[in-house]
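Below is one structure, written out as structure tokens, with a few remarks after it.
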Amino acid sequence: MNDKVSPAQVEAIRKWGEKGSLDYLKTINQPTLVVNGSNDVDIPTVNSFIMQQNMPHAQLIIYPDSNHGAHHQYPELFVEHATLFLNA
């Protein structure tokens with residue numbers, strides 16, 4: 001992380017849902033693992049579902065009873081899922 005990363009992420013989050021966002025997602029052909037918690041209040045969980053539905057090669061994992069740091073709340077399970085994804 002550096003002083004360029006955080007502002008870029010904030011800008012991307014701000015622009016989420018603007019006209020053309022879904023069209024852009026459809027152009028991402030890189031296999032993508034989308035991970036979220038079932039109760040993310042920072043970035044609503046439904047956004048992860050929308051991303052996965054609009055990215056041609058995306059997989060979605062939603063961890064139960066968790067929020068924005070789901071991968072920290074389920075570290076062993078996340079590592080297992082990430083390893084399966086990366087080995088595919």
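Counting only protein heavy atoms and a probe of 1.4 Å, the accessible surface of the chain is 57% carbon and sulfur. Solvent exposure of the chain amounts to 72 Å² per residue of accessible area, where only protein heavy atoms count and the probe is 1.4 Å.
Summary of packing: across the peptides 58-71, 20-33, the per-residue average of other C-beta atoms within 10 Å ranks them, highest first, as 58-71, 20-33.
Under 5 Å from the amide H of residue 66 lie the amide H atoms of 38, 39, each residue being 5 or more positions distant or on a separate chain, with H modelled from the backbone and absent for Pro and chain starts.
Compute the distance from the alpha-carbon center of the stretch 39-88 to that of the stretch 1-33, in whole Å. If we compute the Cα centre of each part, the gap is 16 Å.
Partner aspartates and glutamates whose Cα lies under 13 Å from the Cα of residue 19, excluding those fewer than 8 positions away in the same chain, are not found. Between residue 22 and residue 88, the modelled label-to-label distance comes to 2.3 nm, taking each label 7 Å out from Cα in the direction of the beta carbon. Computed from label points 7 Å out along Cα-Cβ, the spacing between residue 53 and residue 79 is 3.4 nm. Think of the chain as having a plus end and a minus end, set by charges on the Cβ of Lys, Arg, Asp and Glu; of 38, 22, 77, 22 sits farthest toward the positive end of this dipole. Judged by the ratio a/c of the largest to the smallest principal axis of the C-alpha gyration tensor, the stretch 20-64 counts as oblate, that ratio being 1.5 or greater while a/b is no larger than b/c. Taking only the alpha carbons of the chain, we obtain Rg and Dmax values of 13.7, 38 Å in that order.
The values are calculated or read from the model by the stated rules, or taken from the named source; none is laboratory data. This structure is a prediction, so every number in the text was calculated from the model and none was measured. Ideal geometry is used to build each Cβ from the backbone, glycine not excepted, and the neighbour counts take in all protein chains shown. We work out accessible area using only protein heavy atoms, side chains counted, and drop any ligands, DNA or RNA first. Shrake-Rupley method; radii C 1.70, N 1.55, O 1.52, S 1.80 Å.
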